[in-house]
Structure formats: structure tokens, C-alpha cells
Amino acid sequence: QVQLVESGGGTVQPGGSLRLSCAASGSIFSIDSMGWYRQAPGKEREFVAHITYVGGSTNYADSVKGRFTISRDNAKNTVYLQMNSLKPEDTAVYSCNAVITTGSYWKRATYDYWGLGTQVTVSS
């Protein structure tokens, strides 16, 4: 069993900042990558940012480039999303995604996991 728990959401004024965290726990052999997605009311879920655990390569949706930064703490199995210059259109439920290999060296399998999400509201 692997769990992803997000935190750090809330309400902020336009131009403000928030930092989201997502901690993975459970039977983790290795983490391949982690990322963030968001879903606004009445819209489909969309990609926000992604980071690989080996090498730390990142990529971002065009809509957040230059404003959001994804980072990771390998020792804590945690990924962060620093969100600056927030806009009302950033309002959404932000969910953490992780590709994690579970088990042991001799018997392991890789799965895709999701957190429950955290609400981010940008409003004056």
C-alpha cells in the first residue's frame, strides 16, 4: 500500500503565493516520478508540472511556466509545488500523482498513484 497526502492548499489573493506538498508513504521500493495535476469546476483534469526522481528533470504546462516551480526531497519522499503570481484561473483542486515501484528487489511492481487533492482558490 502506498498513500499520497497533499497539503498547503487554501485561499489567496491574485498575485499571491502558495506552496503545496505531497508526501508519499507506505511500501515504497523507489519513486520514478511525481507530478501535479489540477481540475477546475466544470473542466477536465489538466497537467501542471512533473519531476523525475533520478536527475530531477522537470516540465511544466505552458500556463504555469515562470510562475510555478516543482521540486522534490528524495529523503522525505515529498514533492513540492511553489506557486507564485497566482491568478484566478489557477483556482482548482490540485492533485498529486506518483509513479512508484513497490515491494522488494526480488518482487516489485510499478503503479500509478493519486492523492485526494487539495483546494486552491485565488480570489480577491
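If you go through segment 2-11 one residue at a time, do you hit one that is under 14 Å from Val99 (Cβ atoms) and surrounded by fewer than 18 Cβ atoms within 10 Å (Cβ to Cβ)?
The answer is yes; a qualifying residue exists.
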Scanning segment 72-84 residue by residue, those under 17 Å from Gln119 (Cα atoms) and more than 14 Å from the chain's Cα centre (by Cα) turn out to be Asn84
Hey, any hits in segment 75-94 for a residue that's outside any strand (DSSP E or B), basic (Lys, Arg) and touching a residue at least 60 places away in the same chain (Cβ under 8 Å)? yes
Of those in segment 34-46 that are open to solvent by 30 Å² or more (accessible area, probe 1.4 Å) and more than 16 Å from Tyr113 (Cβ to Cβ), the residue farthest from the chain's Cα centre (by Cα) is Gly42
Exactly one of Ala61, Ala24, Ala49 is in contact with a Phe, Trp or Tyr (Cβ under 9 Å, 6 or more places away or on another chain) and within 20 Å of Tyr111 (Cβ to Cβ), and that residue is Ala24
All conditions in (1) at pLDDT 95 or above; (2) open to solvent by 70 Å² or more (accessible area, probe 1.4 Å) are true of Tyr113 except (2)
Margin query: Whether any residue in segment 14-33 is surrounded by fewer than 14 Cβ atoms within 10 Å (Cβ to Cβ), touching a residue at least 24 places away in the same chain (Cβ under 8 Å) and among the aromatic types (Phe, Trp, Tyr) is what I want to check.
Written below: no
Those residues of segment 52-93 which are modelled with pLDDT under 95, of a type in the set (Gly, Ala, Ser) and open to solvent by less than 60 Å² (accessible area, probe 1.4 Å) amount to Gly56
Given (1) under 24 Å from Gly26 (Cβ atoms); (2) open to solvent by 60 Å² or more (accessible area, probe 1.4 Å); (3) out of contact with any Ser or Thr (no Cβ under 6 Å at 6 or more places or on another chain); (4) part of a strand (DSSP E or B), Asn97 misses just (2)
Is it the case, given these coordinates, that Gly16 is out of contact with any Phe, Trp or Tyr (no Cβ under 9 Å at 6 or more places or on another chain) and not aromatic (Phe, Trp, Tyr)? yes
Pairs returned, first residue in segment 98-124 that is in contact (Cβ under 8 Å) with a residue 24 or more places away in the chain, second residue that is open to solvent by less than 40 Å² (accessible area, probe 1.4 Å) and among the charged types (D, E, K, R), beta-carbon separation under 8 angstrom, 6 or more apart or interchain, are Gly115/Glu6; Leu116/Glu6; Gly117/Glu6; Thr118/Glu6; Val120/Arg38; Val120/Asp90; Val122/Asp90
Checked segment 38-69 for anything in a loop (DSSP other than H, G, I, E, B) and among the β-branched types (Val, Ile, Thr); matches are Val54, Val64
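The values are calculated or read from the model by the stated rules, or taken from the named source; none is laboratory data. Source: prediction; values computed, not measured. Positions of Cβ are generated from backbone atoms using ideal geometry, with glycine treated the same way; all protein chains shown enter the neighbour counts. The protein model used for the area step is the full one, side chains on, heavy atoms only, and it has no ligands, DNA or RNA in it. Shrake-Rupley method; radii C 1.70, N 1.55, O 1.52, S 1.80 Å.
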